[in-house]
There are 2 protein chains.
Amino acid sequence: MEIIRKKRDGGTLSPEEISFFVQGYNRDEIPDYQAAAWLMAVYFRGMEAAETAALTLAMADSGEKADLAAAAEKTVDKHSTGGVGDKTTLVLLPLVAAAGVRTAKLSGRGLGHTGGTVDKLSCIPGFRTELGSGEFLAQVRDLGVAVTGQSPKLAPADGKLYALRDVTATVDCIPLIASSIMSKKIASGARNIVLDVKTGSGAFMRQRESALALAETMVAIGRDLGRRTVALITAMDQPLGRAVGNHLEVIEAIETLRGRGPADLVELCLRLGAEMMLLAGLARSGEEACARLAEKLKSGEALDMMRRWIFRQGGDARVVDEPELLGTPPFRAELTSPAAGWLARLDALTVGQASVLLGAGRAKKGEEVDLLAGILLLKKTGDRVRKGEVLAEIFCSDGARIAPALEMLAGAYGFAPEAPAAMPLLLDRIDWLSLRS
Amino acid sequence: MEIIRKKRDGGTLSPEEISFFVQGYNRDEIPDYQAAAWLMAVYFRGMEAAETAALTLAMADSGEKADLAAAAEKTVDKHSTGGVGDKTTLVLLPLVAAAGVRTAKLSGRGLGHTGGTVDKLSCIPGFRTELGSGEFLAQVRDLGVAVTGQSPKLAPADGKLYALRDVTATVDCIPLIASSIMSKKIASGARNIVLDVKTGSGAFMRQRESALALAETMVAIGRDLGRRTVALITAMDQPLGRAVGNHLEVIEAIETLRGRGPADLVELCLRLGAEMMLLAGLARSGEEACARLAEKLKSGEALDMMRRWIFRQGGDARVVDEPELLGTPPFRAELTSPAAGWLARLDALTVGQASVLLGAGRAKKGEEVDLLAGILLLKKTGDRVRKGEVLAEIFCSDGARIAPALEMLAGAYGFAPEAPAAMPLLLDRIDWLSLRS
């Protein structure tokens, strides 16, 4: 009661008060309705940096903990706030592993436009997405890259509070979002954290100012809890790359590792990879790091690491060279251009919604995903198009889904008589040392 | 969810949305935690007049309803937001009944400094505070005055929401307070409503501006729901009258009906009574109404109505002339003045807290009240006092309570070398016709 009232009246909660609240709620000693009132008070009053850090730590301390960083040197954690066509993890992990950076990724199943990393990896025949903690850590040490499904025992208070936020209109609150993400990083023992905070129509943070505030809040939490944290703010107005949907994104990730990736995806992977190299102490400058990573793409070492990674987690590594082993979607259709000119808009959210209509993403938690469903964007913003030219191909396993998805997808496009100005991908960068407050 | 989000974002809810929410919560279809989040959003965003009226109506519609006004003509409802020593109802109901105004009061048990009207009436041997609805309405018609305990079936959604507000730090919110009070008036079918909104240290609304806002909100609800509603804002800086505590207040009420009441209590009863006379169409002006009511006190008709009322509800009407029949407190002690001069302050809240220490009020819901415990204030603000003179007598049934109560009570007093400026009792008046918005 006193903690609700204090927050309601704009007071600053002490770490002890926040810990009392989180522990009490986690142990079912504080009822949902009091937690809901507190969350809404936080929604209106916000939290100071020290409060947000205390909340993060209390949630991280609420369950099992790992110490991934201690298990292997040069371990860097990477997290994206998610977007349409975001297969960055599939490229970035083997790429930086080839350069000596270790990554130990605990990944949740995706809720939203397309599947999460675990969904994507489960396209690969035999790939095991649930590793025991012993084999997981051994793989991080030996190979340098490992992904496993996130245990619900990690930061359980975050899971419980998130479920409550989801039904009380208190999801959309920066200190709560930031502490939710960071609590899992802290619980897993990450020492070095690179964050990709996306902004634009296809991102959770539509507005650039909100994305910046979220990034600053997360970097401040990291700093206050002694973790070296860097965040890049990146554009998510149109989908990343050309593939949207699980199996298409795996293929695109492999093509990118082969050195034939779309420019935006390559740029993002090099930028994020360079931050990871710097945190791991494996490069002296961003330029040097980028050059080294580009070389790993060119030389085939990154692609080879992908093969080794798939093999190590029990998957059929032949998919790297024979993508048809990932399966073939039964249905295919085309969207053609209704106009001639330049493509001025390719709305990420609409593309994401069309992919959900195809079955590639979840409209509700727990839904099955059609791993073969997806959209291949043949034209992107800034491309010149002729009338009747194919803009996109869609794929799915249920023919009845084609018509509504095509109709939805058509609404994603906007045309202009002249070439639009190029839109930068990297919008901002924040690190734990340069943070203002 | 959508209703929480809309209110969170400062939107205006439609009557349908509010009704959906109240009905859903009342039927346990909306869980406590969503209602708690909604209440906290209302706490921050407030509600417009139309929303407050819709909330009141939805709560009034959530259970059994009565139609007291239709049962008898010239029925007027009176409600006080409560204060220390507030025995107004005990005086006012027989007084206005003697002048032809009918009152049918549904009263809750008090929570706070002293008991509620039902507690006070239960001091009278044999007095039945639970009447069946048939006999209750018959008594209103025949006698003109009746009081019964409030049924929990009246506006049950209000009871349920109030209990939730109590544990989620959302009690202190004017639209929620106003709709809670008014919902019970509307459910009971009141057509004419006189509200006594108290302000000062002993009142729920400490600040005069808050009391004014609450009064305006309630009068607006009445107006919007077609009820003629008048509110007086009255001072509650020091206790009303000289008696604080159930049996002492009954004695003071009887003395007041006999024409020997303390000036402030008499003034308040005449002011409120005059408003009731006007609403009942029994007087053409406030002056005329006051004069008629003063005559009822002088003539003994008001006191006789008290006798008839007590008799009709099964009580021993001899208490009117033999107050010792109400019982004699086993313990008595005196507080003497530590200084000479004028009494400049007699803090109502502190007196109320001292009376709770004596056992006269409830610290928690459901606690038993010592009906014989109380405080008799021999000196009030503006009185001249000599050093060592008795300021107050205290009474109780448990000798161990004397010392802490005396110590608490001593803190209520402030002295000055000169007579303080007189403080008006009536601070403001608002009616449904003159309301600004």
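The values are calculated or read from the model by the stated rules, or taken from the named source; none is laboratory data. Model, not experiment: these values are computed from the prediction. A quick note on method: Cβ atoms are made from the backbone with ideal geometry, for glycine too, and the neighbour counts reach across all protein chains shown. Heavy atoms of the whole protein, side chains included, go into the accessibility calculation; ligands, DNA and RNA do not. Shrake-Rupley method; radii C 1.70, N 1.55, O 1.52, S 1.80 Å.
Observations, loosely collected:
- Here A:Ala348, A:Ala392, A:Ala373 are screened, and the one residue that is within 30 Å of A:Pro420 (Cα to Cα), in contact with a Leu (Cβ under 6 Å, 6 or more places away or on another chain) and among the hydrophobic types (A, V, I, L, M, F, W, C) is A:Ala392.
- Meets criteria (crowded, with 23+ Cβ neighbours inside 10 Å and within 14 Å of chain B (Cβ to nearest Cβ)) for A:Thr199: no
- Segment A:9-31: number of residues that are closer than 20 Å to A:Ser62 by Cβ and open to solvent by 60 Å² or more (accessible area, probe 1.4 Å): 7
- From the list A:Gly261, A:Gly245, A:Gly273, the one residue that fits, being on the phi > 0 side of the Ramachandran plot and not hydroxyl-bearing (Ser, Thr, Tyr), is A:Gly245.
- For segment B:393-437, a tally of residues being part of a loop (DSSP other than H, G, I, E, B), over 30 Å from B:Val219 (Cα atoms) and under 26 Å from the mean Cα position of the chain (by Cα) returns 3.
- Criterion: β-branched (Val, Ile, Thr) and not assigned by TED's automatic domain parsing to the domain that holds B:Val167 - qualifying residue of B:Val84, B:Val76, B:Val22: B:Val22
- Residue count, segment B:174-191 (criterion: part of a helix (DSSP H, G or I) and either open to solvent by 40 Å² or more (accessible area, probe 1.4 Å) or among the aliphatic types (A, V, I, L, M) (or both)): 9
- Here the condition is being over 30 Å from A:Thr148 (Cα atoms), open to solvent by 50 Å² or more (accessible area, probe 1.4 Å) and not aliphatic (A, V, I, L, M); of A:Arg332, A:Arg318, it holds for A:Arg332 alone.
- Only one entry of A:Val351, A:Val390 meets the criterion of being open to solvent by 30 Å² or more (accessible area, probe 1.4 Å), at pLDDT 95 or above and not charged (D, E, K, R), and that entry is A:Val390.
- Which listed residue, of A:Gly411, A:Gly359, A:Gly374, is modelled with pLDDT under 95 and not aliphatic (A, V, I, L, M): A:Gly359
- Residues being within 20 Å of A:Ala340 (Cβ to Cβ), open to solvent by 60 Å² or more (accessible area, probe 1.4 Å) and touching a Ser or Thr at 6+ places or on another chain (Cβ under 9 Å) - total across segment A:393-425: 1
- Count of residues meeting criterion [of a type in the set (Phe, Trp, Tyr) and in contact with a Cys (Cβ under 8 Å, 6 or more places away or on another chain)] in segment B:328-360: 1
- Residue under evaluation A:Val369, criteria (1) within 20 Å of the chain's Cα centre (by Cα); (2) β-branched (Val, Ile, Thr); (3) under 19 Å from A:Arg242 (Cβ atoms), criterion not met: (3)
- Selection of helices (runs of 4 or more DSSP H) fully inside segment A:113-173 by the criterion of at least 2 residues being surrounded by fewer than 17 Cβ atoms within 10 Å (Cβ to Cβ) and within 14 Å of another protein chain (Cβ to nearest Cβ) returns A:156-166.
- Cross-chain or 6+ apart pairs with Cβ under 7 Å, segment B:397-424 first and of a type in the set (Val, Ile, Thr), then open to solvent by 70 Å² or more (accessible area, probe 1.4 Å): B:Ile402/B:Phe331
- Close pairs from segment B:240-259: first in a strand (DSSP E or B), partner open to solvent by 10 Å² or more (accessible area, probe 1.4 Å), Cβ under 7 Å, at least 6 apart: B:Ala243/B:Ile251; B:Ala243/B:Glu252; B:Ala243/B:Leu376; B:Val244/B:Thr114
- Of the residues making up segment A:247-268, those that are open to solvent by less than 30 Å² (accessible area, probe 1.4 Å) and over 24 Å from A:Arg206 (Cβ atoms) are A:His247, A:Leu248, A:Val250, A:Glu252, A:Ala253, A:Ile254, A:Thr256, A:Leu257, A:Gly261.
- Scanning segment A:208-246 for residues that are open to solvent by 10 Å² or more (accessible area, probe 1.4 Å) and within 30 Å of A:Cys123 (Cα to Cα) gives A:Ala235, A:Asp237, A:Gln238, A:Arg242.
- Listed by position, the strands (runs of 3 or more DSSP E) enclosed by segment A:284-392 that each have at least 2 residues that are closer than 19 Å to A:Ala403 by Cα are A:331-336, A:374-377.
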